[in-house]
Amino acid sequence: MAERLIGAIEAGGTKFVVALARTDGTILAQARIATRTPAECFPEVVAFFEQSAAAHGAIGGFGVASFGPIDIDPASPAYGTITTTTKPGWRGSRYHHALGRFGVPIVVDSDVNGAALGEWTLGAGRGCTTLAYTTVGTGVGSGVVRAGKPLMGFSHFETGHIPIRRDPAVDPFAGHCPFHGDCLEGLAAGPAILARWGHSLSDQPDPARIDLIGGYIAQLAVSLVLLHMPDRLVFGGGVMKSPGLIEAVRRHTEAWLAGYIQAPQLDAGLESYIVAPGLGDQAGITGAIALGRQALAEGK
Ligand code: ZN
């Protein structure tokens, strides 16, 4: 029997990356499709998979790493459905509906869990049993992968909204989150930084500001260490590209932990424990292919 191929989708706010891949990860065809309404972009997604499958071979399963909020519970009747988004037309749309005509298993996870899985599989988390991946960009989110499986509860984690200890005498900014004010996302995500200073950290990498934001992100790093005891922490996303920020996160994390956690994983200075992503922009589609591998296994 011919090899069954993987259909992979990385669905982001501005674009879909779609790929047809072999189980070993080799990409046979890839395309970018602008994110518009589902009625506009799903037919293009389906056409890509129909055409590439006709050229290369039949699809045996789909892996989808999508923006959300999205139902990622395989036991839920709404599995694969976008839930409370404000993006026009997307609320209630379901990947299983869009891809149903292929008649193969579909595994859906969040975009952050997808990127975490990508980094665990082929990026900066290679060799780890447990990896915590965090993106700090337009929003903040974390995926924790253990032995190839992104962890979840009744839904994906929402680490962007953890409470943060903030000293109003040092930082009077009340925060930018419409729900919580000064949660992590309200203090350290890109829009919060813009609202507070009128420019990004990369544009004006003032050391005191880098240190302040690094201290907030480090509070999440400390929480991830204490809750999950990961072998490594990866921090990516647009804000993390600010010069000196990852160093500030390492410095504050080490200070907060205060020597309480003693393990060979935590090197002095945390330079090999808290790292940048290894895959860059490829993490999402790599993760979607890994999810597709799980879908293939389900179809056997
Ligand atoms: Zn919040």
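Just so you know, all these numbers are worked out from the coordinates, no wet-lab data involved. Please read these numbers as outputs of a predicted model, since none were measured by experiment. Methodologically, a virtual Cβ is constructed for each residue, glycine included, from the backbone with ideal geometry; neighbour enumeration extends over all protein chains shown.
Data for the structure
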{"read-out": "Reachable aspartates and glutamates, given that their alpha-carbon falls under 16 Å from the alpha-carbon of K15 and they are not under 8 places away in the same chain", "value": "E40, E44, D111, D281"}
{"read-out": "Cβ-derived FRET efficiency at R0 30 Å, A169 paired with Q204, nearest 0.05", "value": "0.85"}
{"read-out": "Shape of the chain, Cα gyration tensor, a/c cut at 1.5", "value": "prolate"}
{"read-out": "Expected 222 nm ellipticity per residue - DSSP helices of 4 or more, -39500 (n - 2.57), all of the chain, to 500", "value": "-10500 deg cm²/dmol"}
{"read-out": "Computed FRET value (nearest 0.05) for A255 with T14, which takes r as the C-beta separation and R₀ as 35 Å", "value": "0.40"}
{"read-out": "Separation of the K241 and A2 label points, Cα + 7 Å toward Cβ, nm", "value": "4.0 nm"}
{"read-out": "Global geometry of region 124-277, whether rounded, prolate or oblate, following the gyration tensor of its Cα atoms and the 1.5 cut on a/c", "value": "prolate"}
{"read-out": "Kyte-Doolittle mean at least -1.0, axial Cα span of 20 Å or more - DSSP H helices of the chain", "value": "38-56, 207-228, 283-299"}
{"read-out": "Contact order normalised by residue count of the chain, Cα under 8 Å, 6+ apart, percent", "value": "22 percent"}
{"read-out": "Ordering of 49-55, 137-143 by burial proxy (mean other Cβ atoms within 10 Å per residue, highest first)", "value": "137-143, 49-55"}
{"read-out": "Segment S76-E50, length gained on full extension (0.36 nm per residue, minus Cα span)", "value": "6.6 nm"}
{"read-out": "Whichever lysines have a C-alpha closer than 22 Å to that of K149, once near sequence neighbours (fewer than 8 apart) are set aside", "value": "K300"}
{"read-out": "Extension gain (nm, one decimal) between R32 and K300, 0.36 nm per residue minus Cα-Cα", "value": "93.5 nm"}
{"read-out": "Cut-off 18 Å (backbone N to label point 7 Å along Cα→Cβ of L194), residues of region 106-143", "value": "136-141"}
{"read-out": "Amide H partners (placed H, <5 Å) of I70, local residues excluded", "value": "T83"}
{"read-out": "In Hz, Karplus ³J(HN,Hα) per residue of region 100-110 (6.51, -1.76, 1.60; θ = phi - 60°; x = Gly, Pro)", "value": "x, 4, 7, x, 10, x, 10, 10, 10, 9, 6"}
